[in-house]
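Worksheet for the structure shown next.
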Amino acid sequence: MTAEQIYVGSYTSQPGGGEGIGFGTLDGITVAAATADPSFLVRSADGRFLYATNEEDSGRVSAFAIRADGGLEFLNDQPTGGMHPCHLGIDPTGKYLLSANYSSGSIAIHPIGADGSLGTATQIVQREGTGPNEERQEGPHAHQVVFFGEYVFDVDLGSDTVYTSTLTAAGNLEAVDLLHIHPGAGPRHLAFHPGGGAAYVINELDSTLSVCSYAKGALQVVQTLSTRPADSPGESYPAELLISADGRFLYGSNRGDDTIAVFAVASDGLSAELVQTIDSGGNWPRHLAFSTDGSLLYAANERSDTIATFTITDGLLEPAGDPTSWPKPVCVLPV
């Protein structure tokens, strides 16, 4: 079992849920901060502060100072102006925290103070649109905010859209471009090839991966493939997407199949091939994360209350010991 320390985000409001953010090694995780439904976590680039979504009807984002022992000291929180924030991103300057409000389909921008605390939102951007899936795409559903180069991207499951913007010094998004994924895809998360010429979107509603060319803020789909073998029964709903530091492999979680899909990526980044699916070590793998040295992969299995680990050898995964128990884990943040 790895001696690496991790923070763990979880759902506290679900039956059997925990108390808040966990911290420690896999054999010794304890509650670092009691807070409601901290479903996604990010840490500042200097390692001094941690930010969490509070995925509630009246969404909030919370700021914590990180003590020398890894413990957390609550600084403040701010409303996101939307419902159920589920993802966070810190801009490269470290001045702003962006959050994706899933249920209301909006993006909130909060300034980060010198002491790590959060200021009043400078802007709340309301997305619009629907998709053909009447149950899941009745309106916009923002699911991720990610920075790459000079641009910021937000992924909207409800309208099958990826938006490209720039973030001004005053903390406002200015539209640059948008990508429409095929209708009913339900795009959830986006990852960029380290070479800069390609990106990948994992689609929750039809279990597909969209491979895209990329240049100067513009994305274009060049390949679409399944995240599961052709003979897979039942329904599955992909969640997280990671790319290896060398850009050779992609990793996606399949909730329903309860597997992790591994894709080999072509040298130019513009095509991929499904080369492995492996049991996630639990039920409903919502989040994946690499260890800080890239040698391990963590899978947060929400419904089985387990965190599984896998060794990575030439891109392929092998289980690394028994899963660790933790209530409703939905985000792993190695430190």
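Whole-Hz Karplus values for region 209-215 come out as 10, 9, 8, 10, 7, 9, 7 Hz, taken residue by residue from phi with 6.51 cos²θ - 1.76 cosθ + 1.60 and θ = phi - 60°; glycine and proline positions read x. When the Cα positions of Ala185, Thr259, Val211 are compared along the charge dipole of the chain, Val211 comes out farthest toward the positive end, with charges on each C-beta of Lys, Arg, Asp and Glu.
The stretch between Thr130 and Ala245, if pulled fully straight at 0.36 nm per residue, gains 37.9 nm over its current Cα-Cα span. Using Cβ point charges alone (K and R +1, D and E -1), the dipole size of the chain about the Cα centre works out to roughly 500 debye. Protection proxy ranking of 100-107, 2-9, by the mean of other Cβ atoms within 10 Å over each peptide's residues and highest first, is 100-107, 2-9. Treating the beta-carbon of each Lys and Arg as +1 and of each Asp and Glu as -1, no other charges, what is the dipole magnitude of region 1-138 about its Cα centre, to the nearest 20 debye? The dipole of region 1-138 has a size of about 360 debye. Here the convex hull built on the C-alpha positions of region 83-135 has a volume of 90 cubic angstrom per residue. Placing a pseudo-label 7 Å from each Cα along the Cα-to-Cβ vector at Glu318 and Ser58 gives an inter-label distance of 5.2 nm. From the alpha carbon centroid of region 115-158 to that of region 263-317 is 25 Å.
Translational diffusion coefficient of region 211-335 (Stokes-Einstein, Kirkwood radius from Cα pairs, 10 °C, 1.306 mPa s): 107 µm²/s. Above 20 Å, the calculated P(r) of region 88-237 contains 48 percent of its Cα-Cα pairs. The listed peptides 271-279, 88-96, ordered by packing as a protection proxy, come out as 88-96, 271-279 (highest mean of other Cβ atoms within 10 Å first). Size check on region 1-90: the Cα extents along the three principal axes, sorted descending, read 38, 33, 19 Å.
The magnitude of the dipole of region 31-96, with charges of +1 and -1 set on the Cβ of Lys/Arg and Asp/Glu and taken from the Cα centre, is near 240 debye. Loop-resident GluC sites (Glu not before Pro) (DSSP state other than H, G, I, E or B) in region 189-255 with no more than 16 further Cβ atoms inside 10 Å of their Cβ: Glu235. Rg over Rh for the chain works out to 0.93, using Cα positions for both radii and the Kirkwood form for Rh. Simple rule: put +1 on each Lys or Arg Cβ and -1 on each Asp or Glu Cβ in the chain, find the dipole, and look at Val155, Asn283, Gly119; the Cα lying farthest toward the positive end is Gly119. For region 161-254, the extents of the C-alpha atoms along the principal axes are 49, 30, 22 Å, listed from largest to smallest. Per-residue Cβ neighbour counts within 10 Å put Cys212, Cys331 in the sequence Cys212, Cys331, beginning with the fewest. Between region 1-75 and region 201-239, the C-alpha centres lie 30 angstrom from each other.
Each value in this text was obtained by applying a stated rule to the coordinates, not by laboratory testing. A quick note: this is a predicted structure, and the numbers were derived from the prediction, not measured. Glycine gets a Cβ as well: all are built from the backbone with ideal geometry, and neighbour counts include every protein chain shown.
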